[in-house]
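Rule-based calculations on the coordinates, nothing more; no lab input. Source: prediction; values computed, not measured. Ideal geometry is used to build each Cβ from the backbone, glycine not excepted, and the neighbour counts take in all protein chains shown.
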Amino acid sequence: MADIIKESHHVNESESFLNFDYRNMPGAGFSFDCNEDGSLTKETLAKPDAMRNYAYCLEECKKENGEVVALGVKTRNYRNFVPAVIKCSKCTKEHHLGYGRYPDTQCSCGQNYNAFGQELRDNYQDRSSYAEYGETW
Ligand SMILES: [Zn+2]
């Protein structure tokens, strides 16, 4: 069993979007990653296509009956699971355990672990090898 360096936990996160809809097609339009104050993120600013669309939205919003209407900032809050961090019992490197659909992990040294930090033998996925451990399938 590997030593758990940091327990699994949840972190609260959020993401914000600056939204614009087509005036004649509510629910369809543009959404840009932004900060909570509505300023575009640096990732959005680095995307030429997004900036072209953003400029289009701003221009249309200035017009009295432009094709696009501004909906403002919408923020979505969510919780993310962060799996435990272990210290490998074989090489002492630290790494996250697996979880969910991918519960098993392999350290860079080759040692396999299940989601609880228990060491798994090298050939644990080969069911034909289970007989030597007294298990049958
Ligand atoms: Zn290791």
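Odds and ends about this structure:
- Within the chain, Cys34, Cys57, Cys61 have no other Cys Cβ under 4.7 Å of their Cβ and so lack a disulfide-compatible partner by this rule.
- Taking trypsin sites (Lys or Arg not before Pro) as exposed when their DSSP state is a loop state and no more than 12 other Cβ atoms lie within 10 Å, the longest site-free interval of the chain runs over 1-62.
- Among the chymotrypsin sites (Phe, Trp or Tyr not before Pro) found in the stretch 76-133, those both in a DSSP coil and sparsely packed, with 12 or fewer other Cβ atoms within 10 Å of their Cβ, are Phe116.
- Rounded to the nearest 20 debye, the dipole magnitude of the chain is 80 debye, with +1 charges on Lys and Arg beta carbons, -1 on Asp and Glu beta carbons, and the Cα centre as origin.
- Longest exposed-site-free window of the chain, the sites being GluC sites (Glu not before Pro) in a DSSP loop that have at most 15 other C-beta atoms within 10 Å: 65-134
- As a length-normalised measure over Cα pairs under 8 Å and 6 or more apart, the relative contact order of the chain settles at 27 percent.
- Per-residue ³J(HN,Hα) for the stretch 22-31, Karplus 6.51 cos²θ - 1.76 cosθ + 1.60, θ = phi - 60°, Hz, x for Gly and Pro: 5, 4, 8, 8, x, x, 10, x, 10, 9
- Sequence-distant contacts, meaning Cα pairs under 8 Å at least 6 residues apart, place the relative contact order of the stretch 1-66 at 21 percent.
- Rounded FRET efficiency, nearest 0.05, which uses the C-beta distance separating Glu132 from Asn80 and R0 of 35 Å: 0.30
- 3J(HN,Hα) couplings calculated from phi for the stretch 99-105 with the Karplus curve 6.51 cos²θ - 1.76 cosθ + 1.60 (θ = phi - 60°) are, in sequence order, 6, x, 6, 10, x, 8, 10 Hz; Gly and Pro show x.
- With contributions of -39500 (n - 2.57) from each DSSP H run of at least four residues, the per-residue ellipticity at 222 nm computed over the chain stands at -4000 deg cm²/dmol.
- A crude spin-label estimate for the pair Tyr56 and Arg23, with each label 7 Å from Cα along the Cβ direction, gives 1.6 nm.
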